[in-house]
1. Note down the net charge around ALA16, summing +1 for each Lys or Arg and -1 for each Asp or Glu among other residues with Cβ under 15 Å from its Cβ.
2. Each residue of the range 84-91 in turn: what ³J(HN,Hα) in whole Hz from Karplus with 6.51, -1.76, 1.60 and θ = phi - 60°, glycine and Pro shown as x?
3. Would you compute, for the Cα atoms of the range 65-111, the largest minus smallest coordinate along each principal axis and list the three values in descending order, in whole Å?
4. Which of the GluC sites (Glu not before Pro) across the range 1-86 are loop residues per DSSP, with 10 or fewer other Cβ within 10 Å?
5. The range 59-90: which trypsin sites (Lys or Arg not before Pro) are DSSP loop and have at most 13 other beta-carbon atoms within 10 angstrom?
6. Relative to 2.2 N^0.38 Å, what does the C-alpha radius of gyration of the range 10-63 come to as a ratio? Two decimals please.
7. Can you compute the charge dipole magnitude of the range 65-111 about its Cα centre, using +1 on each Lys and Arg Cβ and -1 on each Asp and Glu Cβ, nothing else charged? Give it in debye, rounded to the nearest 20.
8. Given MET34, THR62, GLY21, which one lies farthest toward the positive end of the charge dipole of the range 10-63, if we put +1 on the Cβ of every Lys and Arg and -1 on the Cβ of every Asp and Glu?
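Laboratory data are not the source of any read-out in this text; all were calculated from the coordinates shown. This structure is a prediction, so every number in the text was calculated from the model and none was measured. FYI the Cβ positions are ideal-geometry reconstructions off the backbone, even for glycines, and counts take in every protein chain you see.
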Amino acid sequence: MFEVGFWELTLIAVIALLVIGPERLPRVARDVGMWVGRIRRYVNHVRDDIEREIRSEELKRTLGGSEALDDLKDAVAETKDALSDARRKLESASDSVKQEAESFGRADAAAAPAIDGAGAEPATSSTAAAGVDQASNAPSPAPGDEDERPAPKP
């Protein structure tokens, strides 16, 4: 393309010094540099836009037009539907487990007063701490001591 070497720049600088004069030359050089920078930025911007459009067109051709894109969109939609169905099933299963747990909790709460009211004296902290069986007021066996008790004599 168009190249400017050292001798060409020197010739341009000497002509500019003679035509413009030494007082105005720095201001003119600054203005010319500013305009050259703007032109370079504009050219780079246009070149980037053109390259981006070319890549976009190549990508569209690679994908095979809108058919491949439509297939991808359909696959995404089917996946979303399957995930929403699975989520609904999971939520309903979670709700049924919660209901079962609540019903077991209510059944345990209802059975506890029935056991205490079956003729046994309610447990107090002193008898429970002393290890006394509530029904017979006999000491209850410690865990693991059941096998060590002597067998009853006939």
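1. Around ALA16, the charge tally is 0.
2. 5, 4, 5, 5, 4, 5, 5, 5
3. Result, largest extent first: 70, 6, 5 Å.
4. Passing both the DSSP loop test and the Cβ count: GLU3, GLU23.
5. none
6. Expressed relative to 2.2 N^0.38 Å, the Cα Rg reads 2.00.
7. Here the range 65-111 has a charge dipole of around 320 debye.
8. Working it through, the farthest residue towards the positive pole turns out to be GLY21.
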